[in-house]
Structure formats: structure tokens, C-alpha cells
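The values are calculated or read from the model by the stated rules, or taken from the named source; none is laboratory data. Because the structure is predicted, anything quoted here is derived from the model rather than measured. Here Cβ is always computed from backbone atoms with ideal geometry, including for glycine, and neighbour counts include all displayed protein chains. Quick note on the areas: whole protein, heavy atoms, side chains included, nothing else; ligands and nucleic acids left out. Shrake-Rupley method; radii C 1.70, N 1.55, O 1.52, S 1.80 Å.
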Amino acid sequence: MTTMANDVRELEAQHVLQTYRRQPVVFERGEGVWLFDDAGNRYLDFLSGIGVASLGHAHPGLARAIARQSETLLHTSNLYFHPLQGELATRLSVKTGLERAFFCNSGTEAIEACLKFARRFWHTAGVADRTKFVAFDHAFHGRTMGSLSVTWDEHYRAPFAPLVPGVTFAIASDPASLASLVDEHTAAIIVEPIQGEGGVRPVPPALAAAIAEACRRTGALLIADEVQSGSGRTGTFLYSGTAGLAPDLIALGKALGAGVPVGAAMVSGKVATAISAGDHGTTYGGNLLSTRAALYVLDELDKLAPHIKDAGALFEQKLLTLQKQHKVITSVRGAGLMRGLELAIDAAPVIEAALKAGLLVNRTAERVVRMLPPLTVTAAEIEEATRILDGALRSVSVEEVKA
Ligand code: PLP
């Protein structure tokens, strides 16, 4: 541990609220898929700030675009017409097939907006008692009150009760469980096309069919949380279509700003007609810095799409090979550059061993090693990451044998 790292820790320990458990490393700079710590060690970043740094770190083009914007105009509020929001909304509308965008600053805010717009839709329709939401077990939608209410994990929820009433959770692995929960009082079903925090679990076809049937039968709206699975991560802009979902509302965040905070709630024409001026708002949402960043990211994503497909296929093949070599890997899941290895043991020692060997990945759902590399990741970097993972899995197996 360097002196600087000690200072950083000391200051944090005194004044940063202790809501996070930090890994013992202080990063000073990044370049592409690589991060450098204060002691000069380099790390392959296969987490990209939890699926955020989609273009890699310190991307020169993005840096120039946001620097130029900051020299021109950063923020004027949503009281005035906006030079960039219309352009970004139009491009997102083409990409998602949903007519309108509401801009905000994070994934959880995009979810809050979707939940509010779903309720507003039924309120405008004169069905004010249609307020319930149906979510799924293992779902994660964020930490603010509305998002937390549709998030499954009791550890996150219990200390903050009472949450938004009228939320129930269907069992994703038992599509039939949905039918009894969705009725004429359900405002919307909310689903992650690939659960991220829940352990990298794509929606299986039978569940997508059950969701479609429940929406058709009752008229309930569908909200797709593409905060983690969207913005190009799986090789297409959204994963909803691949999963067989046809959402009325879509939440976007994370990779869309490549490190600049931006979120968006995409809204179908049908739902948008129910929304009036003043129904929702934000001071910062869609400011010039974040919309400029998102426009730049969309340009790059268009160019990167074929690469993401190839890199995702290579990554999958490497992980399947790893599975053949390590009995401890019970499942390889995900799509494109959103991947998870489920282990027969707690994933924490593997994450720790990988970090020591210079690879950043993280643990979700206790036994899953989650990987969300920058979308620019090269074949050589994928090779290197799987080599390090192999070593980390070996070291843990050896430890297990010793124990
Ligand atoms: N939805 C999903 C699927 C997420 O993975 C996350 C964050 O991990 C969120 C919502 C919340 O996003 P944020 O942390 O930007 O508020």
C-alpha cells in the first residue's frame, strides 16, 4: 500500500458515508480497457465501472467532444429549448422504436420515470386504481424509493420499508407464476431483458411469452429495464427484441454516456399521449454535457456494432472453454459483452485472485463472476482476461483442496 493510498483511505474513512465496501486499490488514470493504480500497476478493466465506460477509459474523441461542449455551454435547464435534446431523442427513438424520450441523470431515475409514466397513463385513462407493478425475483432496478420497491433483494429493501405499495414479484424460472399476479389493477410489468445484479440471467423464451400473454390479456404496460443490457452491450442496441419482449417503456443509462451521467426513459406514442407538461421534471436531466456525450457515444456505437458481435462471440467461446477446464463453473450465461460465470462456490475469492493478477471483474448474486468490459475490447484483451481468470480459478481450486 503506497502512502498516497493510505491518505486516500484515511480521508474516506473520516468523511465519506460508509455505504460502499471498497476494493483495496486506488486508480489514477485509464487508457482504453486498462486502468493504472497509484503504484503504477496496470489492470484489465472487465467491469468498466459496472457497465459504464463503453468506449474505454480516456477516449480521446469523447474527451474532445465534452471539452468543446464545456467551452460552449454546459447547462441552461429544461425551461428553454435545447439544441441537443431533440437530436438525441430522435436518434434514440429510431434505435428503440419508441417515440419519445425523457432525459435524466442515472439508471434509477430512468426507472422512476418509467414507473411514474405507467401510472400516469392509467390515471389519464380514468382508471386511477390501476396502480400495481409486477416485477421478478432477483430483479435489480436501482436504489431510490420507486426503483427499490421493484427491486427484489430483501437486504436492500427491508431497512427502508414501507416502500411503494402494490408491488409483487413473479418467479422468473416459473413463467406460470406471472398469470395470477397480473390483473386489471396492474399498471405495468417491469423486467430486465438480462438480469445484471441478479446474476446475468437472460429472460428465457417461455418467460417472454408469458409476459406477452399477461400484457395482452390485461392491457398491462411493459417496462424493459435496459440500463445494463442496453446501449449496445449485447451487440444490438437493445436486448429486448432478442429476448422476445415488446416494451411500452424502456429505461436506459450506464453505457449511454460512457462515463458522463445520463439516463433516458423511452416512451411509446400511446403512453406519451397521456403525459402533460409538469408531470415530471429534473434540473440537470438532458443537460448539454450529457446529451453531447450520448450523441458522441451513439456515433461510435454505430461503428462498433460488428466488432461487439465478434468480440462477444469470441468471449463466449473462451468462457465455454474455461468451463470445460474448471468443474467449479456450473454455468456460462449472458450475451455479447455482458457475461457471467456461475460457480459452485462463493465467487469472492476468484474476484480477489483476479484483482491481484491484474483483472477487474465483480461478484453478483454471491456465486456469479460478472464481466462487462468496454465495448472496444480487443481479441487480445479477451485472451488475456480469460488467461487471468483461468489462473484465478486454479488458485481457488488449489486453496479449496488445501482446506
Ligand atoms: N437498472 C439496472 C438493470 C441496473 O443494473 C442498475 C444499476 O446497476 C440500475 C437500474 C440503477 O442504475 P443507477 O445505478 O445508474 O441508478
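Just a few scattered comments:
- The set of residues in the range 134-162 being surrounded by 15 or more Cβ atoms within 10 Å (Cβ to Cβ) and either more than 16 Å from the ligand (Cβ to nearest atom) or of a type in the set (A, V, I, L, M, F, W, C) (or both) consists of Val134, Ala135, Phe136, Ala139, Phe140, Leu148, Val150, Trp152.
- Residues that are within 30 Å of Thr378 (Cβ to Cβ), within 18 Å of the chain's Cα centre (by Cα) and among the aliphatic types (A, V, I, L, M) within the range 258-304 comprise Ala258, Val260, Val262, Ala264, Ala293, Ala294, Val297, Leu298, Leu301, listed in sequence order.
- So Arg21, is it over 27 Å from Thr282 (Cβ atoms) and assigned to a loop (DSSP other than H, G, I, E, B): yes
- Test: residue in the range 112-133 that is within 16 Å of the ligand (Cβ to nearest atom), small (Gly, Ala, Ser), in contact with a helix residue (DSSP H, G or I) (Cβ under 9 Å, 6 or more places away or on another chain) and open to solvent by 40 Å² or more (accessible area, probe 1.4 Å): no
- Condition met for Phe103 (touching an Asp or Glu at 6+ places or on another chain (Cβ under 7 Å) and surrounded by 13 or more Cβ atoms within 10 Å (Cβ to Cβ)): no
- Of everything listed in (1) touching a Phe, Trp or Tyr at 6+ places or on another chain (Cβ under 8 Å); (2) of a type in the set (Ser, Thr, Tyr); (3) open to solvent by 60 Å² or more (accessible area, probe 1.4 Å), the single unmet condition for Thr273 is (1).
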